[in-house]
């Protein structure tokens, strides 16, 4: 697929993400949940990379939560924009506290968005565009929240410090398999460069949930963990993961363990609450 088509596809996926958020905001969803992750950072804080998935967390543990109960509302919401979608739960092989579903649309049903902004993409008429959305039903404690607007729709979002903590948790604990998720490391740079204070209480709770921490989390212990992680990264693999989501691949030229460890000199942390 050519680069122009990739950009069009990213823009169309982003339109689907916005429709999803506006649709779900008309329900009671954000009374009980909050939006976080890379897509939240892009849509509401100007992160300069595209993002694929929609990540949510309940405000408090509720394992009986049923994400499928919102599927019909989502289908109807997309129809209001002339888009036919299917919404299906993803059944997982192992037990997890995270529930996941996919929204799938044919490119043909999204073509009017291309026409509106003058974009052209080399798609097969039956090609599918998909967004994955998932929610953690047993979330870590100590997240902070804020309300943001999207075309007059109100969305509950993790506050900046909690978004940062969630990203650091991913940097430290995400399994890499055959490719390092370079998007985690790209976002880490964004938080550091913007001087965001990391919510240490939320990060501690998250790491303990992942069995990745014994005792209390201190600045010194966090720095050791991050240094160890940065030294273990295959940076060429990380670059391959992120390069198609950004416009200027040259910003990746400096990526190596020394560069990321040097960023820790500017890491700011915050301890709010009794954690």
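Projected onto their three principal axes, the Cα atoms of the chain cover extents of 53, 44, 38 Å, largest first. Compactness check for the stretch 1-158: Cα Rg over 2.2 N^0.38 Å is 1.05.
Geometric descriptor of the stretch 216-275, per residue, is 121 Å³ (volume of the convex hull of the Cα atoms). Of all DSSP bridge pairs formed entirely within the chain, close to 75 percent run antiparallel. Helix 200-209 and the longest principal axis of the C-alpha atoms of the chain enclose an angle of approximately 80°. Taking Cα atoms only, the orientation of helix 107-117 departs from the longest principal axis of the chain by about 80 degrees. Measure nothing but the geometry: give the 0 to 90° angle between the long axis through the Cα atoms of 182-193 and the longest principal axis through the Cα atoms of the chain, rounded to 10°. So the helix axis and the longest Cα principal axis differ by about 60 degrees.
No value in this document is a laboratory result; all are computed from the given coordinates. These numbers were taken from a predicted model, which means no experiment stands behind them.
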